[in-house]
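Report on one structure; see the data block that follows.
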Amino acid sequence: MPLQLGCNYSPALIYLMGRDAADVDWIKLSRSETVDGDLALAGSVRPVLLHTLPRAGQRPELWQSYDWAAMERRLRVASSPHIALHFDLVTDDWDCPPGARPGGREEVQAMLARLAAGVRTVQEHLSVPVLVENMPYHDPRGGSPERKRITLQPEAFWQVIEQTGAGLLLDASHLRCAAYHLGVDVRAYARAFPLHAVREIHVSGPALVPGKGLRDRHLAMQEEDYALLAWLLGHTEPAIVTLEYGGTGDGFDALERNDPQVLEEQLRRLHGLLD
């Protein structure tokens, strides 16, 4: 099956497609607060990739209150081939077990069990395959909690994917940011992931922020980003590559993140690379 191209939903994308200046196979939605209205509009243009689930490591009681019936209805309307959730934990998700230091063996295994349980919960309630997405990483002043670093380790993905049968959504910008702050080569870092499980790849341009290092910003792709994608495509067999440039809501009103001409050029180059 030919490799397909997706793109973030944005007014710029709809404008370009309306003028036959760009084309994609999938439109991606990621804003849960506007998902139904966005789905009605985007779904009238192309099939939709839904990416609105909470993170895998959230507290179990929050999963119990999730509206699964509404999500299943959206999946049917969207024709989404899978759904992804972030392979992530935040401080509020976790109570450190008594006597276990952050990042200690007992806590690591408990965290991985929590992440796997979150994936299984989604699998039990929804009818499409579930993917887990790697996250970016940065070192705030004073250092970052070890529990945050756990979810960045390729070994954690191997364990959870083997236990649950989930697929992998590999975000290339997240790979670059995590590798930068972990002090490792991005290709060596990527190679350690279970690349056989990749079903979708996300691409966009990160930004080097003075005093903060490389951050995920969903900017236009640069040459390094295209080169990394080409390398990843030589080591994986995804069904879809999705451009995450452009969007709606806070932070996407700046022209640098929603320029129709820049979007058109990126989609043109991606079509050439994927073909």
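Quick note: the coordinates plus some simple rules give every number you see, no bench work behind them. Everything quoted here is computed from the prediction, not taken from an experiment. Virtual Cβ from ideal backbone geometry, glycine too; neighbours counted across all protein chains shown.
Got a sec? Which residues in the stretch 26-49 would a label at LEU3 touch, if it sits 7 Å along Cα→Cβ and we count backbone N under 19 Å?
26-28
When Lys and Arg each count +1 and Asp and Glu each count -1, what net charge do the other residues less than 14 Å away from PRO11, Cβ to Cβ, add up to?
Here the charged neighbours net out to -1.
Which residues' amide hydrogens lie under 5 Å from the amide hydrogen of LEU214, considering only partners 5 or more residues apart or on another chain, with H built in the peptide plane?
VAL209
So what is the calculated 222 nm ellipticity per residue for the chain, using -39500 (n - 2.57) for each DSSP H run with n of 4 or more, over all residues, to the nearest 500 deg cm²/dmol?
Calculated at 222 nm, the ellipticity per residue is -12000 deg cm²/dmol.
What nm distance separates the two modelled labels at ALA192 and GLN163, each placed 7 Å from Cα along Cα→Cβ?
It is 1.9 nm.
Compute the Rg/Rh shape ratio of the stretch 159-275: radius of gyration over Kirkwood radius, all on alpha-carbon atoms.
Reported Rg/Rh, Kirkwood definition of Rh: 0.98.
Rounding to the nearest 20 debye, state how big the charge dipole of the stretch 4-274 is about its Cα centre with +1 on each Lys and Arg Cβ and -1 on each Asp and Glu Cβ.
320 debye
For the stretch 27-87, would you read off the P(r) tail past 20 Å as a percentage of all alpha carbon pairs?
Distances greater than 20 Å cover 23 percent of the Cα pairs.
For the stretch 28-112, give the magnitude of the charge dipole about the Cα centre (Cβ charges: +1 Lys/Arg, -1 Asp/Glu; no others), in debye to the nearest 20.
Here the size comes out at about 420 debye.
Run through the stretch 1-64 and list the trypsin sites (Lys or Arg not before Pro) located in a DSSP loop whose Cβ has at most 13 other Cβ atoms within 10 Å.
Listed in order of number, the matching sites are ARG19.
Pop out the ³J(HN,Hα) list for the stretch 25-38 in order, Karplus 6.51 cos²θ - 1.76 cosθ + 1.60 with θ = phi - 60°, rounded to Hz; leave Gly and Pro as x.
Residue by residue, the stretch 25-38 yields 8, 9, 10, 9, 10, 9, 9, 5, 6, 10, 4, 5, x, 5 Hz.
How large is the translational diffusion coefficient of the stretch 4-274 in µm² per second when you combine the Kirkwood radius over alpha carbon pairs with Stokes-Einstein at 20 °C and 1.002 mPa s?
112 µm²/s
Treating only the Cβ atoms of Lys and Arg (+1) and Asp and Glu (-1) as charged, compute the dipole magnitude of the stretch 173-228 about its Cα centre; round to the nearest 20 debye.
160 debye
Once phi is turned into θ = phi - 60°, what whole-Hz ³J(HN,Hα) does the Karplus curve with 6.51, -1.76 and 1.60 give for every residue of the stretch 169-182, x standing for Gly and Pro?
Karplus-based 3J(HN,Hα) across the stretch 169-182 equals 9, 9, 9, 5, 5, 4, 4, 4, 5, 5, 4, 4, 7, 7 Hz.
Positive end of the charge dipole of the stretch 168-229 (Lys, Arg +1 and Asp, Glu -1 on Cβ, about the Cα centre): tell me which of HIS196, ALA220, PRO210 has its Cα farthest that way.
Value: PRO210.
Taking H as built 1.01 Å from N, whose amide H comes closer than 5 Å to the amide H of MET221, not counting residues under 5 places away?
Sorted by chain and number, the residues that satisfy this are GLY205.
What list of ³J(HN,Hα) values in whole Hz, one per residue of the stretch 108-121 in order, does the Karplus curve 6.51 cos²θ - 1.76 cosθ + 1.60 (θ = phi - 60°) give from phi, with Gly and Pro shown as x?
The phi angles translate into 4, 5, 5, 5, 5, 5, 5, 4, 5, 5, x, 4, 5, 4 Hz.
Which value, in Å³ per residue, describes the convex hull spanned by the Cα atoms of the stretch 5-142?
In the stretch 5-142, the Cα hull volume divided by residue count equals 140 Å³.
Given a Förster radius of 25 Å and the C-beta distance between ARG215 and GLU237 as r, what FRET efficiency does 1/(1 + (r/R0)^6) yield to the nearest 0.05?
Working from the Cβ atoms, E equals 0.25.
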